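Visitor: I'd like to ask you about the structure that follows.
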Amino acid sequence: MKIIAFGGSNSQNSINKKLATYAAHLFENAEVEVLDLNDYEMPLFSVDKEIEIGQHELAKAFLSKIAEADLVIVSLAENNSNYSVAFKNVFDWCSRINAKVFQEKPLFLLTTSDGKRGGANVMEIARKVFPRHGAKIKATFSLPSFYLNFDISSGKISNPELNEQLKAIVQFLAKSFISRN
Ligand SMILES: Cc1cc2nc3c(=O)[nH]c(=O)nc-3n(C[C@H](O)[C@H](O)[C@H](O)COP(=O)(O)O)c2cc1C
């Protein structure tokens, strides 16, 4: 099983990238590739820019990565109750090539933030909107108060209860893959 994971953020030390990376590596016997949105930095999308330069090669490259996946794991950053600009920009460029950005792939949707709500607003938006863009959302998980519940040095969730919750979801997803194949 190939997993493509990424954080929906361009922060160098993105907590969402850390969470997506941790979740992806909980899957046993999976090939994991973690993407960094900084490798897909494109000009701010506009229809004028699109006329000027056409489809962006990095958007094509991002879509190719999604195409390789058996499971996509994304953890979205919440900025002003919405997607980060970095994620939205990649998403907009990609959507002009293929509106089904997620290409009917199974998706594990995560969010985290340093606040108590753990990115609940962006989770709600993505749950509603991603399926229109070809995401088959199989499970969701929000990690609240990241810095209280995640140990950066080990790269793992430190809150045992939340860790068990995530592991149970991973087991459920892994089982559904085994029974399908
Ligand atoms: C411009 C901006 C807006 C933010 N808005 C929210 C918000 O609406 N809700 C929230 O929980 N956190 C908000 N935050 C805090 C982020 O969740 C926090 O910075 C987190 O680290 C972002 O994830 P990242 O490290 O993966 O980029 C905001 C941060 C910035 C810089």
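Visitor: Asn98: open to solvent by 10 Å² or more (accessible area, probe 1.4 Å) and part of a loop (DSSP other than H, G, I, E, B), yes or no?
Guide: yes
Visitor: Return the pairs, sorted by first residue and then second, in which the second residue is assigned to a helix (DSSP H, G or I) and more than 6 Å from the ligand (Cβ to nearest atom), the first residue lies in segment 14-25 and is more than 17 Å from Ala86 (Cα to Cα) and among the aliphatic types (A, V, I, L, M), the beta carbons are less than 8 Å apart, and the residues are 6+ apart or on different chains.
Guide: Listed pairs, sorted by first residue: Leu19/Phe146; Ala23/Leu166; Ala23/Val170.
Visitor: Then there is this: Find the residue count for segment 57-78, including only residues that are away from the ligand (no atom under 16 Å from the Cβ) and either in a strand (DSSP E or B) or charged (D, E, K, R) (or both).
Guide: Filtering segment 57-78 down to residues away from the ligand (no atom under 16 Å from the Cβ) leaves 57-72.
Next cut, either in a strand (DSSP E or B) or charged (D, E, K, R) (or both) only: 57, 60, 65, 68, 70-72.
The number of residues fulfilling the criteria is 7.
Visitor: Can you work out which of the residues in segment 101-126 that are in a loop (DSSP other than H, G, I, E, B) and open to solvent by 60 Å² or more (accessible area, probe 1.4 Å) is farthest from the ligand (Cβ to nearest atom)?
Guide: In this case the residue turns out to be Glu104.
Visitor: Out of Ser81, Ser46, Ser14, I need the residue that is away from the ligand (no atom under 14 Å from the Cβ), among the polar types (S, T, N, Q) and at pLDDT 95 or above. Which one?
Guide: Ser46
Visitor: Determine, yes or no, whether Ala20 is within 16 Å of the ligand (Cβ to nearest atom) and assigned to a helix (DSSP H, G or I). Full working, then the answer.
Guide: Values: within 16 Å of the ligand (Cβ to nearest atom): yes; assigned to a helix (DSSP H, G or I): yes.
Taking the combined requirement at face value, the residue satisfies it.
The values are calculated or read from the model by the stated rules, or taken from the named source; none is laboratory data. Just so you know, these numbers come straight off a predicted model, no measurement behind them. When we count neighbours, we look across all protein chains shown, and the Cβ atoms used for this are built from the backbone with ideal geometry, even at glycine. Calculation scope for accessible area: heavy atoms of the full protein, side chains included, ligands and nucleic acids excluded. Shrake-Rupley method; radii C 1.70, N 1.55, O 1.52, S 1.80 Å.
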